[in-house]
Amino acid sequence: MSTNRLKRLIALPRDTFIADNDNFAIAEHHLRRALEALLDIGRHIVAKKGYDRPEDYKSINRLQQRRLDK
């Protein structure tokens, strides 16, 4: 799971993380995967609740927030 990999990278001392050039790419990859999963969950919530169709990533959160504010 991406969040577990990120936790392991966070636990590395800074010097150790920087010493391996692949660590940044690995962290970026797993962060992207975690964010995509979060956005997918948001899209499912929006669809299940019958909200307007999100046009982009920003609108997923905007649609949910607008409904919570009402």
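Would you please name the residue that is nearest to SER2 (Cα to Cα), looking only at residues in region 37-68 that are open to solvent by less than 80 Å² (accessible area, probe 1.4 Å) and among the hydroxyl-bearing types (Ser, Thr, Tyr)?
In this case the residue turns out to be SER59.
Do we find that ARG33 is out of contact with any Gly (no Cβ under 8 Å at 6 or more places or on another chain) and open to solvent by 100 Å² or more (accessible area, probe 1.4 Å) in this structure?
yes
Under 7 Å between Cβ atoms, at least 6 apart or on separate chains: pull out the pairs that start in region 28-43 with a residue that is closer than 21 Å to LEU63 by Cβ and end on any residue that is open to solvent by 90 Å² or more (accessible area, probe 1.4 Å).
That search, which allows pairs on different chains as well, returns LEU39/TYR57; GLY42/ASN61.
The values are calculated or read from the model by the stated rules, or taken from the named source; none is laboratory data. What you are looking at is a predicted structure, and each value in this text was computed from that prediction instead of being measured. So basically every Cβ, Gly included, is an ideal-geometry build from the backbone, and we count neighbours across all protein chains shown. SASA here: full protein model, heavy atoms, side chains in, ligands and nucleic acids out. Shrake-Rupley method; radii C 1.70, N 1.55, O 1.52, S 1.80 Å.
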